[in-house]
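Asks: Here you go, one structure.
Where a number appears in this text, it was derived from the coordinates with a stated rule and is not lab data. Computed from a prediction, not measured in an experiment: that's the story for all the values here. Note that we place each Cβ from the backbone using ideal geometry, even for glycine, and neighbour counts take in every protein chain shown.
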Amino acid sequence: MIRNKKSFVFLILILALALSACENSGSSTKVDFTITDFAFAPNEFTVAAGKEITLNLTHDGTMEHNFIVMKYGTDAGEMFDETDKGNVFWEVGLQPGDSKTVVFTAPEQPGTYQILCGMPGHMQSGMIGKLVVTEQPQQK
Ligand SMILES: [Cu+2]
């Protein structure tokens, strides 16, 4: 009796896992990015809140760069420095020739987020942009 109950619960768990796995693999938003000295292309992109984002990053420059998303309501001001590091929501670094695909989860709070490269002087040279987070579409 107890054994049956256990295997039933186990079965339900497996089913739930299988279902959520399907959902995730089908709903990741893909964004292609090219990073050069000194620009992000595109420098503005829109995703839905809380969505899994697959970033295909192509490094097409000669210098080390990084891709930083600032926390909601913050920006780096005139330049990105030590005091801004606590306001980083997400970041990934890229060496020249180091193109990669990375996954991150979009912020839950809809709004506009600053993106930038945190290497000294790069933001001022044009490596700055916007991530626009929209509300999740209503579930039917
Ligand atoms: Cu840079």
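Asks: When the dipole is taken about the Cα centre of the stretch 63-119, and only Lys, Arg (+1) and Asp, Glu (-1) are charged at their Cβ, what size is it in debye, to the nearest 20? Numbers along the way, then the final one.
Replies: Working: 3 positive and 9 negative charges, 46 e Å.
The calculation lands at about 220 debye.
Asks: For the stretch 55-140, what is the convex hull volume of the alpha-carbon atoms per residue, in Å³?
Replies: 102 Å³
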